[in-house]
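Before any comments, here is the structure.
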Amino acid sequence: MTEATEKKRCFWANPKNPLYIRYHDEEWGRPVHDDDRLLELLILESFQAGLSWECILNKREAFREAFEGFDRDRILAFDESRIEELMLNQGIIRNRAKIRAAVTNTAVFKAIQEEFGSFDRYLSAFSPEKPIIDHVSTTSAISDAISADLRKRGMKFVGSTTIHAFLQSVGIINSHQPDCYLHPCRH
């Protein structure tokens, strides 16, 4: 048995995909306070809408390249010709509405940073001091509230389910299953 198969993980962590195992073990559910990482994860989650996270994760490096390292100011400079280039990029999800939403959402993200000092501080205004432990729900009162506020501000592809998944990925909601070796009660 290898180390990857010895540990009990959340049911969704495909043991045949090393990227997925590494993501589960080293990233998912760990607190993220860096705005650059928060922007990347928010954009990736918005691309996931209607798809699997494994699909997005497998394309993450191509997304990083296509979206220039998720550099906020570079994304804000994307024009129609850049969007057309991205529509030809076979390494990413070629959905025009989602690509445009990534640019729009980045502009809203920047406005939130300017209003609150950081996107992390914005999220903190909605979040409890300690992570919410919930391995069952796909939406929550907090994801409902953040989703509604982001949509009111002009973001797209940020429904409550998408935002709930984002909050899980950045550690605001800890959704490791009770038998997973990373569940908070096991530490």
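Structure notes:
- Tilt relative to the chain, helix 96-116 - C-alpha long axis, 0 to 90 degrees, to 10: 80
- Cα-derived Rg to Rh of the chain, Kirkwood definition: 0.97
- Estimated FRET transfer efficiency when R0 is 30 angstrom, pair D34-A145 (beta carbons, to 0.05): 0.85
- Take region 38-159 with all the other protein chains still there, run a 1.4 Å probe, and you get 49 Å² of accessible area per residue.
- Seen from a random direction on average, the alpha-carbon convex hull of region 77-169 projects onto 7.0 square nanometres.
- Here the accessible area of the chain is 51 percent carbon and sulfur, with a 1.4 angstrom probe and all protein chains present.
- Rounded tilt (10° steps) of 35-48 against the dominant C-alpha axis of the chain: 90
- Evaluated at q = 0.14, 0.18, 0.19 Å⁻¹, a Debye calculation over the C-alpha positions of region 44-124 (equal weights, vacuum) places log10 I(q)/I(0) at -0.48, -0.78, -0.85.
- Calculated mean residue ellipticity, 222 nm, the chain: -16000 deg cm²/dmol, from DSSP H runs (n ≥ 4) at -39500 (n - 2.57) each, averaged per residue and rounded to 500.
- For region 10-114, GluC sites (Glu not before Pro) meeting the loop criterion (DSSP other than H, G, I, E, B) and having at most 10 other Cβ atoms within 10 Å: none.
- Distance between region 15-59 and region 111-173 - C-alpha centres, whole angstrom: 15
- Based on Cα atoms of region 1-50, Rg over Rh with Rh as the Kirkwood radius reads 1.04.
- Over region 1-92, the reciprocal of the mean inverse Cα-Cα separation, the Kirkwood hydrodynamic radius, stands at 14.8 Å.
The values are calculated or read from the model by the stated rules, or taken from the named source; none is laboratory data. This one's a predicted model, so the numbers in the text were calculated from it and none came from an experiment. Note that each Cβ is placed from the backbone with ideal geometry, even for glycine, and that neighbours are counted across all protein chains shown. Accessible surface is based on the protein model in full, side chains and every heavy atom, while ligands, DNA and RNA are left aside. Shrake-Rupley method; radii C 1.70, N 1.55, O 1.52, S 1.80 Å.
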